[in-house]
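J.: Sharing a structure, written as structure tokens. Questions coming.
Throughout, read-outs are computed from the coordinates displayed, never taken from laboratory work. Since we're looking at a predicted model, the values are computed, not measured. Note that we place each Cβ from the backbone using ideal geometry, even for glycine, and neighbour counts take in every protein chain shown.
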Amino acid sequence: MADTLPPILPRYLRTPDAARLLAISPRTLEKHRVFGTGPVFRKLGGRVVYAVSDLEAWAERGARRSTSDPGAGR
């Protein structure tokens, strides 16, 4: 029986894949980038990329228990 290797997950995602992970449109993610309200991004070789860990952290910061929680709707 051969050992199977676990799948290698990407460390960085380009905008379309990052948006898919967050379940938002690429254009919405681009707008967040322009306004400085989105996840941290990097430019590698002139291309915008997002670390998966930064995307997950940004999504977690948006977690709310109620629509009346401080920061909701921002």
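J.: Calculate, in nm to one decimal, what A59 and E30 gain on full extension: separation in residues at 0.36 nm each, minus their alpha carbon distance.
T.: So the extension gain works out to 8.9 nm.
J.: Stretched out fully, how many nm does the piece from A23 to S68 gain, at 0.36 nm a residue minus the Cα gap?
T.: So the chain would gain 13.9 nm between A23 and S68.
J.: Counting Lys and Arg as +1 and Asp and Glu as -1, each charge on the Cβ, what is the dipole of the chain about the Cα centre in debye, to the nearest 20?
T.: My answer is approximately 380 debye.
J.: Given only helices, namely DSSP H runs of n ≥ 4 each adding -39500 (n - 2.57), what is the per-residue ellipticity at 222 nm of the chain, to the nearest 500 deg cm²/dmol?
T.: Calculated at 222 nm, the ellipticity per residue is -11000 deg cm²/dmol.
J.: Quick check on the exposure proxy: order K31, K43 from fewest to most C-beta atoms within 10 angstrom.
T.: Ranking K31, K43 by Cβ neighbours within 10 Å, fewest first, gives K43, K31.
J.: Taking other Cβ within 10 Å of each residue's Cβ, how do V40, V48 sort, fewest first?
T.: Exposure proxy ranking, most exposed first: V40, V48.
J.: Can you tell me the alpha carbon radius of gyration of the range 12-61 divided by the globular rule-of-thumb value 2.2 N^0.38 Å?
T.: Relative to the rule-of-thumb radius for its length, the range 12-61 sits at 0.99.
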